[in-house]
Amino acid sequence: MQTLRISLLLTTALVTALPAGAEDTTALDEITVSANLEATGTDRTGATVTVVTADALAQAGDTRVADYLARLPGISVNGSGPIGTTASLYLRGAPAQYIPVLVDGIEVGDPASPQGAYDFGTLSTADVSRIEVLEGSSSALYGSQAVAGVINITTKRATKPGTEQSVATEYGQYATRKFSYSVATKTENAEAALTYSHLSTHGFSARDENDGNYEADGYRANRLSFFGQYTFANGLTLGANGFAEKSWGEFDDYTGDVAGTPGDDFTTRDTKGARVFADFVTGTVANTLDATWFDSDRQSCSNGWCDPFDGTRTKLGYQGATDLGATARLVFGADTTKEKSAGASTRTNGVFGELNWAAAEKLDLTFSLRHDDHSDFGGFTSGRIAAVYRLQDDLLLRASLGNGFRAPSLYELFSVYGDPDLKREDSQSADIGIEKRWGETASLRATAFYLDAKNLIGWDYAATACGQPWGCYAQVPGHSRRSGLELAGHYRVSPRLDLAAAYTYTDTSVSTGWAAVARHDLTVTATGTITEALSGDMSVHYVADRPDGMPEYAVVNASLDYDFGEGRTGYLRVENLFDKEYQTNKGYGTSDRAFYVGLRASF
């Protein structure tokens, strides 16, 4: 296979070309806001976290956030057709309901969905400036659902004092049109940002057209996001952020396209979220108060019948932090969360603490502990220990050990298929890794991981608690286990060429209640400067040893950017360069070779 040969060649070039030695310089410090309860340098945390910048997103050019995330170690995505249809994300082999997703501090998982998962099928990159992927059970920091990890998304902000504006537009295959406009301003005491984006496409058939499906499934969406804060002379900072999105998208039900029913299957979504916060200092304690609200109004229509799915989530939280001498810092707080859907509701109250301790000049330890009390299943205590040891400034050892839980969703508890006596799901995870940097020339990170979960909630055709003749949601006996290895690296071959690779090996042999994922998942990316104005990007995504006998595949995407100067860039993007026929989800289609042209400008 030609694309496989390309991926193997690029991988070999990356691995074998890593230098045996390099100048003794330390990479610029990077900050993570998700790995601990406070912002922390990535070299001061034992947690495994991947940070994606705005430049990386722009360079890749992906329309959906999910398509970019699929490039990262530990992540796989199963799509059910074009943008607008469901896309399920897996982190270290655990499915989406075990991965909380936050946008500017607002949890956006759907309270009305069967298992409370966030659907990545509709989220575009238009207003995203940063993504952090935290891996490992993290309920000690984030409470319920954080069994596999957390995805934290930040929308566009001002990057320097003054006012910045940016606009982007694109047109391409399937009559796809994209437009976005952002304005952001920053002064000594204030910051504000606003982004509007529009996306519409005729799409392609969600059920694979090679199986006789013929009807294209289109999508359109409009989204508005904002952020603002002001710091007063006494140090008090008040702020607010939020978003609103309306969308309409077609899908195919399990039977596929049926003659005489064009456009009969579609979903409308109206989602809104808001957060208000206050940061202030009292004595030696830094305090944060915040309140968040999320509302999802979703309607799914099929065969002339529409079902409404409405859910809301409100959360009120407090966090404080204080130094305990020169080498330790304590973070503590409490929060309360209420979820409501279809007349039913649950409340979870939590208290938490975290100790960050520089135990030695080269060793940092983090101890996190949280207790949650759920209105239906009772209490659960979760903890995490993370450690990082800097053998050298550019050579780090990391390790973490933690547990997590997922509370049953409102749908699992109270719908016509639910069981109000369901208990929580439990998990334990561990990882250990090593990271080496050669200045800005190269880096390599290897992480071995283990995840075990029990008391999983799944569909049982023999269950009778809900009174339905075809089954109910029920506790699944046994364990599901995931273990494996993640590799991520980059190498600057020359001032004009960079190579990067991400590989995940996942063992899903013990998979009670969880769908399996591919054993091998590799992405290799080459980024090069052709002339002073022209640059290019090519990525190869190769997936092998897949569940259910699905064939391996390798897909190549490419792009060319031309810098016109004065903040203006034109680009050509090609998805599925070699027109590969493949599926990420059995029975559902993917894009043929598709061309897109666009323009980005900032001023």
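When only Cα pairs under 8 Å and 6 or more residues apart are kept, what is the percent relative contact order across the stretch 361-428?
In percent, rounded to a whole number, it is 26.
May I ask you to give the average projected area over all directions of the convex hull of the Cα atoms of the stretch 252-360, in nm² rounded to one decimal?
Approximately 11.5 nm², given one-decimal rounding.
Pop the C-beta distance of GLN468 and MET550 into the FRET formula with R0 = 41 Å and round what comes out to the nearest 0.05.
Details: r = 31 Å, r/R0 = 0.76.
The formula returns an efficiency of 0.85 here.
Looking at the square roots a ≥ b ≥ c of the eigenvalues of the Cα gyration tensor of the stretch 103-145, which shape do they give, rounded for a/c under 1.5, prolate if a/b is larger than b/c, or oblate?
Verdict is oblate for the stretch 103-145.
Report the extension gain between LEU485 and ASP592 in nm, rounded to one decimal, defined as 0.36 nm multiplied by the number of residues separating them, less their alpha carbon distance. Let's see the in-between values first.
Values: separation 107, 0.36 × 107 = 38.52 nm, distance 3.14 nm.
Once the chain is fully extended between LEU485 and ASP592, it gains 35.4 nm.
If I take every Cα pair under 8 Å that is 6 or more residues apart in the chain, average their sequence separation and divide by the length, what percent do I get for the relative contact order?
14 percent.
In the structure displayed, which of LYS246/LYS272; LYS362/LYS436; LYS246/LYS340; LYS272/LYS338; LYS160/LYS186; LYS186/LYS315 lie more than 18 Å apart, Cα to Cα?
The answer is LYS246/LYS340; LYS186/LYS315.
Within the set of other residues whose C-beta is less than 14 Å from the C-beta of ASP279, count the net charge using Lys and Arg as +1 and Asp and Glu as -1.
For residues surrounding ASP279, the net value is -2.
Note down the nm distance, to one decimal, between modelled labels 7 Å out along Cα→Cβ at VAL167 and at ALA240.
For the pair VAL167/ALA240, the computed spacing is 2.8 nm.
Mean separation of Cα pairs under 8 Å and 6+ residues apart, divided by the residue count of the stretch 216-335: what relative contact order is that in percent? Before the final figure, lay out the partial values.
Working: 262 pairs, mean separation 22.6, N = 120.
Across the stretch 216-335, relative contact order equals 19 percent.
Along its principal axes, what span do the Cα atoms of the stretch 440-565 show, with the longest given first and each in whole Å?
68, 30, 28
In whole Hz and in residue order, list the ³J(HN,Hα) couplings for the stretch 366-383 that follow from phi through the Karplus curve 6.51 cos²θ - 1.76 cosθ + 1.60, θ = phi - 60°; x for Gly and Pro.
For the stretch 366-383, the Karplus curve yields 10, 10, 10, 9, 8, 10, 10, 10, 9, 5, 10, 9, x, x, 8, 10, 10, x Hz.
For ARG207, what residues show an amide H to amide H distance below 5 Å, using hydrogens built from the backbone and excluding near sequence neighbours?
Here ASP252, GLY589 satisfy the definition.
From the phi angles alone, apply the Karplus equation (6.51, -1.76, 1.60; θ = phi - 60°) to the stretch 308-319 and give each ³J(HN,Hα) in whole Hz, x where the residue is Gly or Pro.
Rounded to whole hertz, the list is x, 9, 10, x, 9, 9, 10, 9, 10, x, 10, 9.
What whole-number value in cubic angstrom gives the convex hull volume per residue for the C-alpha atoms of the stretch 403-496? Let's see the in-between values first.
Values: hull volume 14.4 nm³, N = 94.
Cα convex hull per residue, to the nearest whole number: 153 Å³.
How much accessible surface does ASP211 have with a 1.4 Å probe, in Å² rounded to 10?
The value for ASP211 is about 100 Å².
For ASP257, which sequence-distant residues (separation of 5 or more, or a different chain) have an amide H within less than 5 Å of its own amide H, given hydrogens modelled in the peptide plane?
TYR214
For LEU456, list long-range residues whose amide hydrogen, built 1.01 Å from N in the peptide plane, is under 5 Å from its own amide hydrogen.
Distant-sequence amide H within range of LEU456: VAL476.
With the Cα gyration tensor of the stretch 70-178 giving a ≥ b ≥ c as the square roots of its eigenvalues, does the rule (a/c under 1.5 for rounded; else a/b larger than b/c for prolate; else oblate) give rounded, prolate or oblate?
It is oblate, given that a/c is not under 1.5 and a/b is not larger than b/c.
Pull up the cross-link candidates among the lysines for LYS454, meaning alpha carbon to alpha carbon under 19 Å and not fewer than 8 places away within one chain.
Cα-Cα hits under 19 Å: LYS423.
Quick one: grab the alpha carbon gyration tensor of the chain, order the square roots of its eigenvalues as a ≥ b ≥ c, and give me rounded if a/c is under 1.5, else prolate or oblate depending on whether a/b is larger than b/c. Each step should come with its number before you reach the end.
Working: a/c = 1.25, a/b = 1.02, b/c = 1.23.
Judged from the Cα gyration tensor, the chain comes out rounded (a/c under 1.5).
Give a residue-ordered list of calculated ³J(HN,Hα) values for the stretch 401-406 (Karplus: 6.51 cos²θ - 1.76 cosθ + 1.60, θ = phi - 60°; whole Hz; x for Gly, Pro).
9, x, 10, x, 8, 10
The values are calculated or read from the model by the stated rules, or taken from the named source; none is laboratory data. Please read all numbers here as calculations on a predicted model, not as lab measurements. When we count neighbours, we look across all protein chains shown, and the Cβ atoms used for this are built from the backbone with ideal geometry, even at glycine. In case anyone asks, the SASA skips ligands and DNA or RNA and just uses the protein heavy atoms, side chains included. Shrake-Rupley method; radii C 1.70, N 1.55, O 1.52, S 1.80 Å.
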